Amino acid sequence: MARLNNPAMRTLFIAFSIAALPAAAQLVRGEYPETRRSLEFHLNELASDAMGGRLPGTEQGDRAAKYIQTQFEEAGLEGLFDGEFTQLVNIPEKGILPEAGNYVNIGAVGIALRTAYWPHILSDNREVEGPLTWLGYATPSEVAKAKKGRIAVIVADIPAKKVKKLGKLASLTERIEAARRHGAQAIILLQPVNGSPKLDLLRRMRPIGMPVVTVHDLDACTNLKKKAKKSAKASIGVHVVPQTTTAPNVGAWVNRGAPETIVIGAHYDHVGWGAWGSRMPEAEGQVHNGADDNASGTSAMMELARKISHTPGFEHVNFAFLAFTGEESGLLGSREFVSRMPSKMGKVKAMVNLDMVGRLNRSDSLRVYGVHTALEFREMLESIPAEGFYWDLRNEIFGRSDHAPFISAGIPAVFFFTGLHEDYHAPGDDIEKIDIDGLAEVVAKVDHFISLLGQAGPLSVQTPNDAR
C-alpha cells in the first residue's frame with residue numbers, strides 16, 4: 001500500500017486497524033491445500049531476501065517482474081499488451097540537488113542547503129525575491145490576512161487541537177495551496193528537528209508553481225520567524241534535477257473475445273532496503289521484504305489467474321491480471337495502465353484490487369473498500385459465506401492503492417485488505433508473519449466474488465463523489 005506521508009495519519013490509521021474488532025468463529029485451518037501450496041511457493045520467492053524488497057528500477061525489482069511473467073506463461077495466459085507481458089512505466093528516483101541555483105538568503109545572510117534546509121516536494125524550479133510575511137500555521141483566518149507578492153513563512157507542524165478543529169484544512173498541502181491562492185510567491189516552512197533530517201523528499205517532486213523550502217535548523221527557524229514579522233527582504237532559488245528509471249507493469253489475460261473485461265490487480269513493488277519509503281528511517285540498509293505489502297496480494301492475484309484460466313464458462317467476459325509497479329511511489333503503474341489500457345480489452349466492467357491481504361488472523365475481518373462504486377457490490381459480497389471471519393464492507397474509496405485510478409476513470413472497483421499493522425513499511429514484514437490459511441481463504445472469497453461479477457449483467461456505476 002502506498003506510503004502514508006503524514007506521521008499523524010499513519011499513527012491513527014494503524015491504531016484503528018489494530019483496534020479490537022467483534023469476535024468471529026474460528027477459521028477452519030488447512031482448507032484449500034493446493035491454493036495454500038501455491039501461495040507459499042509465490043511468497044517464498046517474492047518476499048525472500050534475494051528479491052531485495054522489490055524496489056522498481058533495480059535488478060531485484062526486475063527479477064520479481066520476470067517471476068510474475070513466468071507464472072502467467074505457465075498458467076497458459078496471453079500477454080496483455082499486444083501479446084507482450086510488460087508495459088514500461090517511468091518511476092522517479094531521487095533528484096540531483098546542485099549547489100548552483102539553490103539558495104535561501106535573508107537579507108545578505110544565507111541559510112545552508114542540506115544542513116539547514118531542503119526543497120519541499122511541492123517546490124517548482126524558479127527564483128524569486130521579495131519581503132517576508134508571517135502566516136503562523138497558515139490557518140484560513142491567518143491566510144486571509146496575507147499580502148500578495150510576498151514570501152510566506154509558515155510553521156509546518158500544526159497542534160492537535162487545531163487539526164481537530166480544521167479537519168482536512170489542517171493538512172500541510174492544503175495550507176500551502178491556500179497561501180499560494182492568496183498571493184504568496186514562495187513559501188518557507190519551519191520544521192525544526194534535532195540534527196540533520198533523514199529525507200527522501202527529492203524522489204516525488206510535485207511542483208505547484210512556486211518555490212517551497214523546509215527549514216530544519218532550530219536557530220534558522222527562530223531567526224526567520226523574527227525576520228518575517230518585520231517584513232525583511234529575502235530571496236529564494238530552487239533547482240532540482242529530476243531523475244527517472246523505468247519498471248514494468250506485468251499483465252496477462254484470459255481473452256475470450258468478449259466485449260467486457262474484469263481486471264484483477266495487485267502491486268508487486270516495495271521499498272527495497274529502506275533508503276526510501278521506510279516507516280523506520282533508522283532501518284535503512286535492512287531489507288524490507290514486504291511479505292504482506294504486497295507479496296501477499298501479488299501471490300493471491302497469480303493464484304486467481306491460475307484458477308480462472310482453467311475455469312470453463314464465462315464466455316461473455318474476459319479476465320485481465322495486472323501486477324502493478326510504482327504503487328509505493330504514488331500509484332504510478334496503475335495510473336499509467338488506466339491512461340493506456342489495451343483497446344482489445346473492450347469495456348472494463350470492474351476492477352478488483354488485492355493489497356495487504358496476508359494477515360486475516362490479525363483481526364478476523366476482511367475489509368473491502370469501494371463497495372458503493374457499483375450498487376450491486378454489497379449484495380454480491382454479503383451473499384458470500386463468511387466462516388471464521390466477518391466482512392467489513394466500506395463505501396469509502398481509500399485512495400492510496402491501485403483501485404483508485406480506475407474509480408477516477410469511472411470504473412467500479414473494490415479493494416480487499418486485511419488491515420495495517422506494526423510491520424507496515426518496516427523490516428519486520430516477513431513471510432513468517434503471513435497467515436497462509438487466511439490468505440487461502442481470501443483467495444477463495446475473491447474467486448467467488450469474481451464469479452458473481454462474471455455472471456452479473458451491467459453494473460450500476462456510481463461516481464467517486466457519490467461513493468465517498
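The values are calculated or read from the model by the stated rules, or taken from the named source; none is laboratory data. Remember, it's a predicted structure, so these values are computed and weren't measured experimentally. Note that we place each Cβ from the backbone using ideal geometry, even for glycine, and neighbour counts take in every protein chain shown.
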Residue within region 352-369 that is free of Cβ contacts under 8 Å to residues at least 12 places away in the same chain and over 23 Å from the mean Cα position of the chain (by Cα) present: no
Test result for His425, at pLDDT 95 or above and not in a loop (DSSP other than H, G, I, E, B): no
Residue in region 280-288 that is of a type outside the set (Asp, Glu), buried (at least 24 other Cβ atoms within 10 Å of the Cβ) and modelled with pLDDT of 95 or more present: yes
Pro192 vs. criteria farther than 30 Å from Pro56 by Cα, surrounded by fewer than 19 Cβ atoms within 10 Å (Cβ to Cβ) and touching a His at 6+ places or on another chain (Cβ under 7 Å): yes
Near pairs, Cβ below 7 angstrom, 6+ apart or cross-chain, from region 146-164 (closer than 18 Å to Val212 by Cβ) to any residue that is assigned to a loop (DSSP other than H, G, I, E, B) and modelled with pLDDT under 90: Ala152/Ala146
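With respect to Asn44, is the statement that it is within 30 Å of Ile151 (Cβ to Cβ) and modelled with pLDDT of 95 or more true?
Numbers: within 30 Å of Ile151 (Cβ to Cβ): no; modelled with pLDDT of 95 or more: yes.
Judged against the criteria, Asn44 is not a match.
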Count - residues of region 346-363 that are assigned to a helix (DSSP H, G or I) and crowded, with 20+ Cβ neighbours inside 10 Å: 2
Strands (runs of 3 or more DSSP E) within region 60-130 that include 2 or more residues β-branched (Val, Ile, Thr), in the same structural domain as Leu218 (by TED's automatic domain parsing) and out of contact with any Gly (no Cβ under 9 Å at 6 or more places or on another chain): 109-111
